[in-house]
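Peer 1: Below is the structure I would like to discuss, written out as structure tokens.
None of the figures in this text is laboratory data; all of them are computed from the coordinates on show. Everything quoted here is computed from the prediction, not taken from an experiment. Note that each Cβ is placed from the backbone with ideal geometry, even for glycine, and that neighbours are counted across all protein chains shown.
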Amino acid sequence: MIDYLQKLLGQTGLAPHGVCLLWDPALIWTHVIADAAIGLAYFSIPFAMAVFLTKRPDIRFRAVAWLFVAFIIACGATHFLSIWTLWNPDYGPEALVKLVTAVVSVATAVMLWPLLPQALALPSPEMLQRANEDLMLRVAERDAALDALQAANATRDHAEAMLAQAQRMEALGQLTGGIAHDFNNLLTIVVANVDRARRFGSDNPRIVGALDAAQSGADRAARLTDQLLSFARRQPLQPETHDLNAIVEDSMALFGRTLDPSIRLRVELASDLWPVRIDQGQCENAVLNLIVNARDAMPDGGTLTIRTANVEGEAAVELQIIDTGTGMPPDVVARAFEPFFTTKATGRGSGLGLSQVYGFASQSGGEVDIISTPEAGTTVSLRLPGAEQLQETT
Ligand SMILES: Nc1ncnc2c1ncn2[C@@H]1O[C@H](COP(=O)(O)OP(=O)(O)O)[C@@H](O)[C@H]1O
Ligand SMILES: [Mg+2]
């Protein structure tokens, strides 16, 4: 091997290639220029490829790509050597460079063919683009489905919460109504016997005082059972056809003057309000309870709006009491209609105001709901069926 190399590199006495071309300047320089241009191009192409390969680690078939780089450099070298041998007869080194080029090019060719099916299977940029668009479409579809699912879940949760609330109020109503009813019967015995004792007559002021105290306690108990019965929808109502606006105006006349001047009053009554069939006394109570609550919620003043309107789609009449007061957090809203639920100090709140409103609304075939935002205010909406609508359904 060493001998072979020594022989190859040590050759002397050979003629430079230019001799074969008879030193014809046209031939010589055309060869020189063409070989130089090819050589330069062959050196520049692998340089660009090498830069590309190092910057893009994701590129596949890297081994073959690097072989390409080596192969093109070797080809470039052979062209520069062709220029050199025009004047210098170094055919041994030229043969060696050609040999290296041959090895690299054969290796490249051998490695390239088996890769062809894989390279053909690679998706084109257009295919990738289409797949991408398809994917985006599916993502959008999935997002929409997810949104719909969330909305459906929210609706279901809301319906479940409403049902649970209605069931709780129903159970509370039955319990309260049962107790109040029995208690009322017992109260009748107490009142009748206080009356009887009075009729026996006594000049003893201590006996009279005791009877008076018993009487006033029994009266208070009777009022309490009344309120409980109205929550339990067991209050004997005397429904008559009324103008809700007139009832509101009466209540305002009764109560408006006692409102703190820091509370601005806005009364917005619909002029063409449909008549409603309700118990006047209970309705006045309900309006007063709502106004008292609104006033209590605005210790530092605010605006109290009382609004009536027809609800077209439902043939109902709506009364709204809106305040700009303290509002209620959701857990208070959830319990506000319960009898005896109060957040007010003992002696200030009985917790029976909204339960009366609730009982009155349901017993009249209507409904009541609260929308409240802490620190912003509360809107209580009382809906009562229009008198004509009620007649149609009964
Ligand atoms: N307009 C309102 N603004 C803020 N909170 C209210 C309002 N109305 C009712 N509430 C809340 O609901 C609770 C129950 O009201 P209610 O049944 O009238 O009882 P009471 O007024 O005796 O406390 C109140 O204690 C209060 O916490
Ligand atoms: Mg109240």
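Peer 1: Provide Trp66, Trp274 in ascending order of the number of other Cβ atoms located within 10 Å of each residue's Cβ, fewest first. Walk me through the intermediate numbers first.
Peer 2: Values: Trp66 15, Trp274 18.
Arranged by neighbour count, lowest to highest, Trp66, Trp274 become Trp66, Trp274.
Peer 1: Still on this structure, please answer the following. What aspartates and glutamates sit close enough to Lys344 to cross-link, taking a C-alpha to C-alpha distance under 14 Å and skipping anything fewer than 8 places away on the same chain?
Peer 2: Asp296
Peer 1: Cα centroid distance between the stretch 290-321 and the stretch 242-262, in Å?
Peer 2: 12 Å
Peer 1: List the lysines whose Cα lies under 25 Å from the Cα of Lys7, skipping any in the same chain that are fewer than 8 positions away.
Peer 2: Output for Lys7: Lys98.
Peer 1: Can you give the longest run of the chain that contains no trypsin sites (Lys or Arg not before Pro) sitting in a DSSP loop with at most 12 other Cβ atoms inside 10 Å?
Peer 2: On the way: sites that count: Arg60, Lys344, Arg348.
After excluding every exposed loop site, the longest remaining stretch is 61-343.
Peer 1: Could you point to the residue in Gln165, Phe80, Ala387 farthest towards the positive end of the chain's charge dipole, with +1 and -1 charges on the Cβ of Lys/Arg and Asp/Glu respectively?
Peer 2: Going by the charge dipole, the pick is Phe80.
Peer 1: Still on this model: Give the calculated FRET efficiency between Leu163 and Ala246 to the nearest 0.05, with a Förster radius of 35 Å applied to their Cβ-Cβ distance. Present the calculation step by step, with values, prior to reporting the outcome.
Peer 2: Details: r = 36 Å, r/R0 = 1.04.
The computed FRET efficiency comes out at 0.45.
Peer 1: Would you list Glu312, Glu249 from fewest to most Cβ contacts within 10 Å?
Peer 2: Working: Glu312 7, Glu249 15.
Ascending number of Cβ neighbours within 10 Å: Glu312, Glu249.
Peer 1: Would you kindly work out the equivalent ellipsoid of the chain from its C-alpha gyration tensor and give its semi-axes, the square roots of five times the eigenvalues, largest first in whole Å?
Peer 2: 109, 23, 20
Peer 1: Turning to a different aspect of this structure: Listing Val139, Val311 from the residue with the fewest other Cβ atoms within 10 Å to the one with the most, what is the order? Don't jump to the answer; show the numbers that get you there.
Peer 2: Details: Val139 10, Val311 15.
Neighbour counts put them in this order, fewest first: Val139, Val311.
Peer 1: Over all directions, average the projected area of the Cα convex hull of the stretch 127-223 and note it in nm².
Peer 2: On the way: hull surface 37.2 nm².
Seen from a random direction, the Cα hull of the stretch 127-223 projects 9.3 nm² on average.
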